[in-house]
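This report concerns only the one structure given below.
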Amino acid sequence: MLGAMMKQNLLISDLIEHAGKYHADTAIISRETAGDLNTTNWADVAASARKLSSALENLGLEQGDRVATLAWNNHRHLKIWFAVSGGGMVCHTLNPRLFPEQFIFICNDAADKAIFFDKTFMPLITGAREHLRTIKHFIYMGGHDAEVAAALPGVVFFDDLILGGSDDYTWPDLDEDTPCSLCYTSGTTGNPKGALYTNRSTMLHTFAISLPDCLNLSSQETILPVVPMFHANAWGIPYAAAMTGAKLVMPGPGLDGDSLVGLIDEQQVTLALGVPTIWMMLLASAEKSGSKLETLRRNVIGGSAAAPSMIAAFREKYGCETIHAWGMTETSPVGTANQIKGKHLHLEDDAMVNLRLGQGRPPFGIDLRIVDETGKPLPHDGKTEGALQCRGHWVVDTYFGNESSSLTKDGWFDTGDVSTIDADGYMVIRDRTKDIIKSGGEWISSVDLEGIAVSHPGVAMAAAIGAKHPKWDERPIIIAVKADGAEPTEDEIIAMFADKVAKWQIPDAVVFTDAIPLNGTGKMLKNKLREKFGDTLVKRMT
Ligand code: ADP
């Protein structure tokens, strides 16, 4: 016997209808590519998304077609997301920071039919155009622009396109397993791989991340997603903001510390999300300007490990509680978030701080385990380290275009991370499998060493890598970038480790460099550092 309740497909179009109907006048603020601020609201985003979806149909686009975006976080991008997914097409967010060859590979691999782009990315578009084999429509995100028209014959202008759409368009009722969006991993090694999300997986992820024990979102928040919409769907925030009716503040191209501090203060942002490199710049700007980031109650840090000193700076100087979160493109992306349980409410300060440093617990819908090299599950005792695997409603099964599943035989996704998990489910990332430092058969977490190195006020950024060593195979060394005007010494930095890690884990050397190479999502490119600095110890011995 079946139950007798209404059956509705879980669809992205319902999100925007809800926001347009019940949070109509809630503001959506965005920094335009030209620098000015645009103000609109959920009612306009909903109406524009419907109109744009019908306009895309008029262009000949069909359900299932991939429609790419090469864009900052702004109101047009938001409208495109809902128009494309709501209409049954697949919104493919492209990362403009990729090398042009990777960008071309991804567009062709996804067989994108149309591409929306912001003015900033004109050079990328004109340079790559002849190699983009499947794109029929180039759509400029703005009004008519003579310069763009001259550089790209046949270009369509967003503001004209939308005018041709119908006000009476209604969303199609789709199967909830219809794909809605496509994101590629940033491919630090090899070609990027695509995760094809469904309406259902995205909706379940949206419910889960909004919950109090995850990101704790509501219509009372003013949310600033600094994390780009092209980085794992801005961690799901545009969808969750529509579900909860939050106010959104979209930073456009202004991702420097000063612009972000300005936006937070002017727009009274209560919650902001981004990767550690963004927060580093923001903290430096706030310090310089004297801003107290008065309204910012919480920030979410993910993408790479947040250093303990960064979490402490937000808490102690700005009264801002950090939610440390972990995820991957393959997990939509949120896999865990660090919120405390009721039983931890009265923990002593130190114990509380310590608990908040890790990456947190999985929300309902995600299950985690750690395994040894034979795939045998390891205990969740908070001490044993193992390969982190996950499964759940919004975890990838098969990469886009692949025939076979990427899961283990018993149905788990191997994350490529090494972690511990405790009995309450709190997970701590120790490292990426390929970055962990293997010294004489023992593992040393590069994350731990980096956290200590950057707690030195004279260090702006630090990476710990395994350098070749004749006796121990690898020994840890620190590659550090000095803070502006500071002159830290190698000995001073090494001394920081003395009472914080076991003696054999103390780095053998510190090498100063001008800049650490970052990938398209702001992560340190450790493979490049190993190529450049891997021989440091061997050279010092000769
Ligand atoms: P890519 O794998 O292409 O770099 P992702 O953005 O999907 O792109 O990266 C996922 C990886 O980022 C995770 O497997 C993990 O190694 C790392 N990561 C994400 N969040 C955190 C975090 N809070 N702490 C440490 N590492 C993290």
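Among the residues of the stretch 110-159, which ones are of a type in the set (Asp, Glu) and under 26 Å from the mean Cα position of the chain (by Cα)?
Let us first name the residues in the stretch 110-159 that are of a type in the set (Asp, Glu), namely 112, 118, 130, 145, 147, 159.
Of everything in the stretch 110-159, those that are of a type in the set (Asp, Glu) and under 26 Å from the mean Cα position of the chain (by Cα) turn out to be 112, 118.
Quickly run through the stretch 377-420 and pick out the residues that are within 15 Å of the ligand (Cβ to nearest atom), assigned to a loop (DSSP other than H, G, I, E, B) and closer than 21 Å to residue 447 by Cβ.
385 - this is the single residue of the stretch 377-420 that is within 15 Å of the ligand (Cβ to nearest atom), assigned to a loop (DSSP other than H, G, I, E, B) and closer than 21 Å to residue 447 by Cβ.
Specify the residue that is farthest from residue 44 (Cα to Cα); the eligible residues are those in the stretch 72-93 that are of a type in the set (A, V, I, L, M, F, W, C) and touching a Phe, Trp or Tyr at 6+ places or on another chain (Cβ under 6 Å).
Narrowing the stretch 72-93 to residues of a type in the set (A, V, I, L, M, F, W, C): 72, 78, 80-84, 89-91.
Checking the rest, the ones that are also touching a Phe, Trp or Tyr at 6+ places or on another chain (Cβ under 6 Å) come to 80, 91.
Values: 80: 13, 91: 20 Å.
The qualifying residue farthest from residue 44 (Cα to Cα) is 91.
For the stretch 104-126, enumerate the residues that are in contact with a helix residue (DSSP H, G or I) (Cβ under 6 Å, 6 or more places away or on another chain) and farther than 25 Å from residue 163 by Cβ.
If we filter the stretch 104-126 for residues that are in contact with a helix residue (DSSP H, G or I) (Cβ under 6 Å, 6 or more places away or on another chain), which is where we start, we get 104, 116-117, 126.
Answer for the stretch 104-126, where residues must be in contact with a helix residue (DSSP H, G or I) (Cβ under 6 Å, 6 or more places away or on another chain) and farther than 25 Å from residue 163 by Cβ: 104, 126.
Tally the residues that are within 16 Å of the ligand (Cβ to nearest atom), small (Gly, Ala, Ser) and without any contact (Cβ under 8 Å) to a residue 40 or more places away in the chain, restricting the search to the stretch 421-461.
Total meeting the criteria: 1.
Could you tell me whether any residue of the stretch 500-519 is free of Cβ contacts under 8 Å to residues at least 24 places away in the same chain, assigned to a helix (DSSP H, G or I) and hydrophobic (A, V, I, L, M, F, W, C)?
no
Is it the case that the stretch 414-424 has a residue that's within 21 Å of residue 517 (Cβ to Cβ) and open to solvent by less than 10 Å² (accessible area, probe 1.4 Å)?
Within the stretch 414-424, none of the residues are within 21 Å of residue 517 (Cβ to Cβ) and open to solvent by less than 10 Å² (accessible area, probe 1.4 Å).
Here is a check on your reading of the model: is residue 204 of a type in the set (A, V, I, L, M, F, W, C), open to solvent by 20 Å² or more (accessible area, probe 1.4 Å), more than 22 Å from residue 24 (Cα to Cα) and not in a loop (DSSP other than H, G, I, E, B)?
Values: of a type in the set (A, V, I, L, M, F, W, C): yes; open to solvent by 20 Å² or more (accessible area, probe 1.4 Å): yes; more than 22 Å from residue 24 (Cα to Cα): yes; not in a loop (DSSP other than H, G, I, E, B): yes.
So residue 204 passes the test.
Give, as residue ranges, the strands (runs of 3 or more DSSP E) completely inside the stretch 242-315 that count at least 2 residues that are open to solvent by less than 40 Å² (accessible area, probe 1.4 Å) and within 16 Å of the ligand (Cβ to nearest atom). Steps first, answer last, please.
Numbers: elements: 247-250, 271-274, 298-301.
Correct list: 271-274, 298-301.
Identify, by number, the condition in (1) within 14 Å of the ligand (Cβ to nearest atom); (2) in contact with a Leu (Cβ under 6 Å, 6 or more places away or on another chain); (3) outside any loop (DSSP other than H, G, I, E, B) that residue 197 doesn't meet.
(2)
Name the residues in the stretch 435-476 that are closer than 24 Å to residue 324 by Cα and assigned to a strand (DSSP E or B), would you?
If the condition is that a residue be closer than 24 Å to residue 324 by Cα and assigned to a strand (DSSP E or B), then 437, 443, 444, 459, 460, 461, 462, 463, 464, 465 are the ones that fit.
Any residue at all in the stretch 320-328 that is away from the ligand (no atom under 16 Å from the Cβ), more than 23 Å from residue 444 (Cα to Cα), free of Cβ contacts under 8 Å to residues at least 60 places away in the same chain and open to solvent by 10 Å² or more (accessible area, probe 1.4 Å)? Working first, answer last.
First pass over the stretch 320-328, keeping only residues away from the ligand (no atom under 16 Å from the Cβ): 320.
Imposing the further condition that a residue be more than 23 Å from residue 444 (Cα to Cα) reduces the set to 320.
If we keep only those that are free of Cβ contacts under 8 Å to residues at least 60 places away in the same chain too, we end up with 320.
Then keep just the ones that are open to solvent by 10 Å² or more (accessible area, probe 1.4 Å); that gives none.
Within the stretch 320-328, not a single residue is away from the ligand (no atom under 16 Å from the Cβ), more than 23 Å from residue 444 (Cα to Cα), free of Cβ contacts under 8 Å to residues at least 60 places away in the same chain and open to solvent by 10 Å² or more (accessible area, probe 1.4 Å).
Looking at the structure I just gave you, is residue 470 in contact (Cβ under 8 Å) with a residue 24 or more places away in the chain and either open to solvent by 20 Å² or more (accessible area, probe 1.4 Å) or out of contact with any helix residue (DSSP H, G or I) (no Cβ under 9 Å at 6 or more places or on another chain) (or both)?
Working: in contact (Cβ under 8 Å) with a residue 24 or more places away in the chain: yes; either open to solvent by 20 Å² or more (accessible area, probe 1.4 Å) or out of contact with any helix residue (DSSP H, G or I) (no Cβ under 9 Å at 6 or more places or on another chain) (or both): yes.
Yes; evaluated as a whole, the condition is true for this residue.
Against the definition (within 16 Å of the ligand (Cβ to nearest atom), closer than 28 Å to residue 232 by Cβ and open to solvent by 40 Å² or more (accessible area, probe 1.4 Å)), how does residue 525 come out, yes or no? So that I can check it myself, show each step before the final result.
On the way: within 16 Å of the ligand (Cβ to nearest atom): yes; closer than 28 Å to residue 232 by Cβ: yes; open to solvent by 40 Å² or more (accessible area, probe 1.4 Å): no.
Spelling it out, it is not the case that residue 525 is within 16 Å of the ligand (Cβ to nearest atom), closer than 28 Å to residue 232 by Cβ and open to solvent by 40 Å² or more (accessible area, probe 1.4 Å).
Does the stretch 473-489 contain any residue that is within 16 Å of the ligand (Cβ to nearest atom) and touching a residue at least 12 places away in the same chain (Cβ under 8 Å)? Spell out the reasoning first.
Within the stretch 473-489, the subset within 16 Å of the ligand (Cβ to nearest atom) is none.
Scanning the stretch 473-489, I find no residue that is within 16 Å of the ligand (Cβ to nearest atom) and touching a residue at least 12 places away in the same chain (Cβ under 8 Å), so the answer is no.
The values are calculated or read from the model by the stated rules, or taken from the named source; none is laboratory data. Since the structure is predicted, the reported quantities are computational estimates derived from the model, not experimental observations. Cβ coordinates were reconstructed from backbone atoms using ideal geometry, including for glycine residues, and neighbour counts include every protein chain displayed. Protein only, heavy atoms only, side chains kept; ligands, DNA and RNA dropped before computing areas. Shrake-Rupley method; radii C 1.70, N 1.55, O 1.52, S 1.80 Å.
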